[in-house]
């Protein structure tokens, strides 16, 4: 058996309730966030062209959705309806600025957040604060970028919540 080193690290978990329906919030969140499309990068060999293609995929705050997983269907196992999406959100350019300093940052890039329905007029968003994830490695550069991601993610969520609440 391998010898595994381990240590505990503090992770800050965030949660916010959005005063809008799950459907309205997720629609606005997806509208504002960009969408990562790896097919746009096939065959590229130059750094400038690759950077331009990635930048064209960016949405609000320079972020983009890599994946959306529907966890709501699992409630059918109890004969109930449920709405819950798990999103993987980030930006390959931002990830690279961290992983070139510390490859372990790839453990948390892209970021994960879950949105679920509390009731017909309320959604909840939960995620682990990027600065606590990336800061856990003790690398000043990944920690600094993690702090920037804290703000980017919160601004994206706040804007989506505002548009959803106002029926935009």
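Worth a mention:
- Selected residue (criterion: farthest from residue 111 (Cα to Cα)) from residues of segment 133-145 that are outside any loop (DSSP other than H, G, I, E, B) and free of Cβ contacts under 8 Å to residues at least 24 places away in the same chain: 140
- Matching option when the condition is buried (at least 17 other Cβ atoms within 10 Å of the Cβ), in contact (Cβ under 8 Å) with a residue 40 or more places away in the chain and either in contact with a helix residue (DSSP H, G or I) (Cβ under 6 Å, 6 or more places away or on another chain) or under 25 Å from residue 26 (Cα atoms) (or both), among 155, 118, 125: 125
- Pick from segment 38-80, criterion in contact with a strand residue (DSSP E or B) (Cβ under 9 Å, 6 or more places away or on another chain) and in a loop (DSSP other than H, G, I, E, B), ranking: surrounded by the most Cβ atoms within 10 Å (Cβ to Cβ): 63
- Residue 23, sole failed condition from (1) in contact (Cβ under 8 Å) with a residue 24 or more places away in the chain; (2) closer than 15 Å to residue 112 by Cα: (2)
- Remark: residue 30 matches the filter, which requires a residue to be surrounded by fewer than 19 Cβ atoms within 10 Å (Cβ to Cβ), touching a strand residue (DSSP E or B) at 6+ places or on another chain (Cβ under 9 Å) and assigned to a helix (DSSP H, G or I).
- Checked against (1) surrounded by 16 or more Cβ atoms within 10 Å (Cβ to Cβ); (2) under 17 Å from the mean Cα position of the chain (by Cα); (3) not in a helix (DSSP H, G or I), residue 15 meets all criteria but (1).
- Verdict on residue 161 being within 13 Å of the chain's Cα centre (by Cα), surrounded by 15 or more Cβ atoms within 10 Å (Cβ to Cβ) and part of a helix (DSSP H, G or I): no
Readers should treat all values here as calculations from the given coordinates under stated rules, not as data from a laboratory. Fair warning: this is a prediction, and the values are worked out from it, not measured in the lab. Neighbour counts are summed over all protein chains in view; Cβ atoms, including those assigned to glycine, are modelled from backbone coordinates with ideal geometry.
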